[in-house]
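S.K.: If you scroll down you'll find the structure; I have some questions about it.
The values are calculated or read from the model by the stated rules, or taken from the named source; none is laboratory data. In this text the structure is predicted, and so the values were computed from the model without any measurement. Cβ placement follows ideal geometry from the backbone for every residue including glycine, while neighbour counts extend to all protein chains displayed. Accessible surface is based on the protein model in full, side chains and every heavy atom, while ligands, DNA and RNA are left aside. Shrake-Rupley method; radii C 1.70, N 1.55, O 1.52, S 1.80 Å.
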Amino acid sequence: MNKSQAYKVLDEAGLDGLVAFNPVNIFYLGNFVAFNVKIQTREPSFAVFPRDEKKPTILVVGSTDLWQISNGLRETAQIIPYSAATNWHDFVGQESVDTGLEAAPGLTSILQINEAGLTPRELDWIGIEKRFEGQFMPTPQHALVMALKEAGLDHAKVAVDDLRLTEILKSAGHYTTQCVDGDNIFRKIRVVKSDVEVRHMRCIAAVNQQAAMNMIQQLDVGASNADIDQLFAIEAAKLGAKATWLAAGSVGGLTNGEIIKNQPILVDAVSEINYYHGDFGRTVVAGEPSKELLERTKLLQIGWQAALEIMRPGVRYSEIEKAARFAMKSSGLKMPPLIVVPHSVGLQHTDEPYRDNLPFQVKDDLILEENMTLTVDFPSLEMGWGNCHLEDLVRITKDGVEALATIDSPLVVI
């Protein structure tokens, strides 16, 4: 995570820390995705981040996650594990329980162990359970209360990404931490990437683009959206990524249900590695591109180039759109129906804050900062004719932009 950005945002908001319930934010703070998150249990994991730099970031996970953590494949925040309440039947009908629950021991307590045949990794698994022996919390709620205490936030004002956390804390008899709606606080922090995150974004931008181009080169007349989805999933997997979203044809898919000769389609491809997302768009046509198609994709290229030239710290989203539209209108080419949308990309496809002080979400006119990673969507949608697109990922530098993958022609002929 970007700690310096977190401290800045928390100070501006007058907050003492963060508590994450959303898996995206748990991963951001704790650098781990728990097993119970993957199988979508009700209260699978939490992460706590204090503004006090002397206090630890804490990750709440199930005891079943300890073996993975002990493998040492990634660094994690300080851990507080929970197991299960063995005497739960004593509390049936109670709305909250603050004391008296007994926690089950770790997994190795119920396993048969052949001491002579243990591998070094198995010894580590046993070792991490011994390290937490007698410290397992009986429920994830009670583990969260303990995490708040250790982070110095048990009598503090914290931003939470899900207001259900207030009720979760009450169920464990905890009422002294003030929880305020903090989804946008997390977004304001995540929008500016750390150096580690920038490396993740360079990796996925290149891989996502390559996977999409490999997929496009295999397309032909007659291919359906299901065919295209499958091809992209395969090509992403070959490169170590996971396909998460693909638009082919238009927003609603192929207008004829399949690729037809000479009709331009858009391709907008998103995949992820280590939970960081790539975003890539091109225009595809099976057959000879028409003069109008060549002009329209040229126009997108002009707009994108104008956007790239203006993008630097201090520039607003609206200024990017204005510059792109001005360049396209000044080109002398016919202006088709066009959308110009800058947006951040990271742990989410649209990884950016929205406007404050509204009871619903409205896109904010963000000011660019160094180490934002973003794209500008350039879809041209015309029912009865066809659709075009251009989209590449970039990083904002001190005085301009860094292309995170290859910026080339909007048009791909197959």
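To keep it simple, each residue is scored yes or no on (1) open to solvent by less than 60 Å² (accessible area, probe 1.4 Å); (2) assigned to a strand (DSSP E or B).
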| residue | (1), (2) |
| --- | --- |
| GLY332 | no, no |
| LEU338 | yes, no |
| PRO342 | yes, yes |
| ASP365 | yes, no |
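S.K.: Another question, then. Hand me the list of helices (runs of 4 or more DSSP H) wholly inside region 7-116 holding 2 or more residues that are within 20 Å of PRO138 (Cα to Cα), of a type in the set (A, V, I, L, M, F, W, C) and open to solvent by 10 Å² or more (accessible area, probe 1.4 Å).
M.R.: The helices (runs of 4 or more DSSP H) meeting that bar are 35-38, 66-70.
S.K.: Right, something else. Run down GLU402, GLU321, GLU369 and say which single residue is part of a loop (DSSP other than H, G, I, E, B), within 26 Å of the chain's Cα centre (by Cα) and at pLDDT 95 or above.
M.R.: The match here is GLU369.
S.K.: Report yes if GLU122 is free of Cβ contacts under 8 Å to residues at least 12 places away in the same chain, under 25 Å from ASN71 (Cβ atoms) and not in a loop (DSSP other than H, G, I, E, B), otherwise no.
M.R.: yes
S.K.: Let me ask something additional. Note down all Cβ pairs under 7 Å where the first residue falls in region 204-219 and is under 15 Å from THR283 (Cα atoms), the second is hydroxyl-bearing (Ser, Thr, Tyr), and they're at least six residues apart or on different chains.
M.R.: Listed pairs, sorted by first residue: GLN209/THR406.
S.K.: Another question, if that's okay. Determine, yes or no, whether GLU309 is at pLDDT 95 or above, outside any loop (DSSP other than H, G, I, E, B), under 17 Å from VAL401 (Cα atoms) and out of contact with any Cys (no Cβ under 8 Å at 6 or more places or on another chain).
M.R.: Judged against the criteria, GLU309 is a match.
S.K.: Quick check on my filter: what residues within region 163-220 are open to solvent by less than 10 Å² (accessible area, probe 1.4 Å), of a type in the set (D, E, K, R) and farther than 30 Å from ASN357 by Cα?
M.R.: Within region 163-220, no residue meets the criteria.
S.K.: Somewhere in region 389-398, is a residue open to solvent by 50 Å² or more (accessible area, probe 1.4 Å) and more than 23 Å from VAL285 (Cα to Cα)?
M.R.: yes
S.K.: Further question: Among the basic types (Lys, Arg), free of Cβ contacts under 8 Å to residues at least 40 places away in the same chain and either touching a Phe, Trp or Tyr at 6+ places or on another chain (Cβ under 8 Å) or within 19 Å of ASP154 (Cα to Cα) (or both), is that true of LYS8?
M.R.: In short, no.
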